[in-house]
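Q: There's a structure below that I have some questions on.
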Amino acid sequence: MKTLFARIKDFCLAQGFDLVAGIRPHDYQHFDIFQKWVQSGKNADMQYLSSERSMRLRQSPYEIMPTCHTILVLVKRYPPAVKQSSKELAIASYALGDDYHRTIPPVLEEIVKFIREQSGHELVAKAFTDTAAILERELACQAGLGWIGKNSCLINPKIGSFFLLAEIFLDLDVLNENTIPSPLPDHCGTCRRCIENCPTQCIQEDRTLDASRCVSYLTIENKGLIPRELRSKIGNHLFGCDVCQQVCPWNREHLDPAVDMRLPISIQEIRSRVLDEDEFRRLFRNSPIKRPKRTGFYRNLAVTLGNLRDETDLTILDRLLHDGDPLVRRHAAWALGQFHLPQSMALLNSALEHESDPAVRAEIYTALE
């Protein structure tokens with residue numbers, strides 16, 4: 001008869017996870033790296049990461065669950081797309097489907113239910129997927145599921161790094177000595193492709209990122225201005241960035257040139273139609289793309305279109321230059337300034353006649369110069 005852990009693992013795999021491992025909790029060995037990262041301000045405006053509670057919880061899994069005896073670490077792959085043409089809008093591969101914050105938690109609940117039934121134990125459990133103050137990549141390393149690459153991603157030698165992590169904390173020991181894995185060695189070697197190809201050079205030598213320069217942060221978590229000096233480096237990245245993973249040799253065999261852009265609105269529509277607040281919320285309610293909200297989305301679109309400099313986009317940029325949100329208007333003004341065409345200059349001058357927001361007017365003046 002299979003052990004309890006073997007039955008749990010089989011059930012998790014049957015639920016769509018690709019890798020499953022279990023460990024006993026220990027204090028985090030890499031908390032000092034996280035602490036130094038925060039103290040140096042590399043977390044940008046993500047102040048929730050530097051709160052007293054955040055720092056305390058990230059010192060040990062026991063801070064999350066004092067009665068924890070087992071941590072299950074689960075890996076779920078998503079289809080990784082090859083790098084988009086520089087003339088196309090690029091969206092991070094994980095965002096091309098439904099939001100994993102919606103799809104994974106119900107599956108974790110089913111797993112907990114299964115463990116409760118199989119163990120005959122009352123069982124206290126806590127399940128997470130990018131939703132708790134834990135060092136989840138370190139847990140995955142302890143579980144033998146990969147190593148933290150130079151780009152800060154967890155890399156597995158068999159499936160690369162295009163995957164999501166989830167964890168289940170249990171107050172029950174479901175492991176035995178034969179099921180506890182050993183950490184994998186680091187296989188990055190002398191390779192520096194991720195560091196050299198990063199559009200904004202945000203990858204640090206200690207395998208962390210300067211979030212304030214990271215395209216993913218700037219286009220998703222950042223709720224304000226994209227710094228002017230970084231806008232051109234955003235390139236065609238409308239939402240997130242996969243470059244450091246796309247150039248990684250460990251992902252070479254897994255990149256798919258034909259990944260379906262499973263979006264609620266086509267790329268062509270994105271470049272030709274400006275959604276109002278209600279339309280945006282309705283269309284993207286199940287998509288990760290709702291994360292930066294409508295304002296952030298159209299801020300990003302303005303910047304990417306300014307970088308692409310396709311004259312057919314002048315019409316939508318003009319609409320964004322008259323958007324109800326001043327943040328969108330500021331970035332649209334910058335974008336039109338990148339064209340250096342009589343048509344774009346005329347649009348900026350026309351908008352200036354009616355613009356009352358001082359910050360937007362300043363952006364228009366800068367674009368005209």
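The values are calculated or read from the model by the stated rules, or taken from the named source; none is laboratory data. All values derive from a computational prediction rather than experimental measurement. No Cβ is skipped: glycine too gets one built from the backbone with ideal geometry, and neighbour counts run over all protein chains shown.
Q: Out of (1) out of contact with any helix residue (DSSP H, G or I) (no Cβ under 6 Å at 6 or more places or on another chain); (2) modelled with pLDDT of 95 or more, what's the single condition that is false for Asn236?
A: (1)
Q: Of Pro358, Pro326, which residue is in contact with a helix residue (DSSP H, G or I) (Cβ under 6 Å, 6 or more places away or on another chain) and modelled with pLDDT of 95 or more?
A: Numbers: Pro358 fails: in contact with a helix residue (DSSP H, G or I) (Cβ under 6 Å, 6 or more places away or on another chain).
Testing whether each residue is in contact with a helix residue (DSSP H, G or I) (Cβ under 6 Å, 6 or more places away or on another chain) and modelled with pLDDT of 95 or more leaves just Pro326.
Q: Could I ask something else about it? Name the one entry in Asp276, Asp260 that is among the acidic types (Asp, Glu) and more than 19 Å from the chain's Cα centre (by Cα). Explain how you work it out, then say what you get.
A: On the way: Asp260 fails: more than 19 Å from the chain's Cα centre (by Cα).
Of the residues listed, the single one that is among the acidic types (Asp, Glu) and more than 19 Å from the chain's Cα centre (by Cα) is Asp276.
Q: Does any residue of the range 293-301 turn out to be surrounded by fewer than 18 Cβ atoms within 10 Å (Cβ to Cβ) and not small (Gly, Ala, Ser)?
A: Checked the range 293-301: at least one residue is surrounded by fewer than 18 Cβ atoms within 10 Å (Cβ to Cβ) and not small (Gly, Ala, Ser).
Q: Can we say Cys188 is part of a helix (DSSP H, G or I), crowded, with 18+ Cβ neighbours inside 10 Å and not aromatic (Phe, Trp, Tyr)?
A: Working: part of a helix (DSSP H, G or I): no; crowded, with 18+ Cβ neighbours inside 10 Å: yes; not aromatic (Phe, Trp, Tyr): yes.
Considered against the rule, which asks whether it is part of a helix (DSSP H, G or I), crowded, with 18+ Cβ neighbours inside 10 Å and not aromatic (Phe, Trp, Tyr), Cys188 comes out as no.
Q: Kindly establish whether Arg252 is surrounded by 18 or more Cβ atoms within 10 Å (Cβ to Cβ) and not assigned by TED's automatic domain parsing to the domain that holds Ile64.
A: Taking the combined requirement at face value, the residue does not satisfy it.
Q: Name every residue in the range 132-146 that is touching a residue at least 60 places away in the same chain (Cβ under 8 Å), over 17 Å from the mean Cα position of the chain (by Cα) and outside any helix (DSSP H, G or I), in order of residue number.
A: If the condition is that a residue be touching a residue at least 60 places away in the same chain (Cβ under 8 Å), over 17 Å from the mean Cα position of the chain (by Cα) and outside any helix (DSSP H, G or I), then Ala143, Gly144, Leu145 are the ones that fit.
Q: Regarding Leu74, is this residue assigned to a strand (DSSP E or B), touching a residue at least 12 places away in the same chain (Cβ under 8 Å) and outside the structural domain of Ile220 (by TED's automatic domain parsing)?
A: Yes.
Q: Another question about this same structure. Within the range 321-338, restricting attention to residues that are within 26 Å of the chain's Cα centre (by Cα) and under 18 Å from Ser232 (Cβ atoms), which residue is surrounded by the fewest Cβ atoms within 10 Å (Cβ to Cβ)?
A: If we take residues in the range 321-338 being within 26 Å of the chain's Cα centre (by Cα) and under 18 Å from Ser232 (Cβ atoms), then Trp334 is surrounded by the fewest Cβ atoms within 10 Å (Cβ to Cβ).
Q: Working carefully through the options Ser60, Ser51, find the one that is of a type in the set (Gly, Ala, Ser) and loosely packed, with under 14 Cβ neighbours inside 10 Å.
A: The unique qualifying residue is Ser51.
Q: A follow-up question, please. Scan the range 193-225 for residues that are part of a loop (DSSP other than H, G, I, E, B) and within 20 Å of His30 (Cβ to Cβ) and report the count.
A: 8
Q: I've got another one for you. For Arg77, are the conditions met, namely being within 14 Å of Leu139 (Cα to Cα), basic (Lys, Arg) and either at pLDDT 95 or above or touching a strand residue (DSSP E or B) at 6+ places or on another chain (Cβ under 6 Å) (or both)? Spell out the reasoning first.
A: Working: within 14 Å of Leu139 (Cα to Cα): no; basic (Lys, Arg): yes; either at pLDDT 95 or above or touching a strand residue (DSSP E or B) at 6+ places or on another chain (Cβ under 6 Å) (or both): yes.
Criteria not met by Arg77.
Q: Among all residue pairs at least 6 apart or on different chains, which show Cβ distances below 8 Å where the first residue, located in the range 115-131, is more than 17 Å from Phe11 (Cα to Cα) and the second is in a loop (DSSP other than H, G, I, E, B) and at pLDDT below 95?
A: Close Cβ pairs (under 8 Å, with a partner that is in a loop (DSSP other than H, G, I, E, B) and at pLDDT below 95) amount to Lys126/Ala132.
Q: Checking the condition surrounded by fewer than 20 Cβ atoms within 10 Å (Cβ to Cβ), within 27 Å of Ser93 (Cβ to Cβ) and assigned by TED's automatic domain parsing to the domain that holds Ile226, which residue from Asp278, Asp310 passes?
A: Asp310
Q: I'd like the residue in the range 147-159 that is touching a Gly at 6+ places or on another chain (Cβ under 9 Å) and part of a strand (DSSP E or B) and, out of all such residues, is nearest to Cys12 (Cα to Cα).
A: Across the range 147-159, the extreme among qualifying residues is Asn156.
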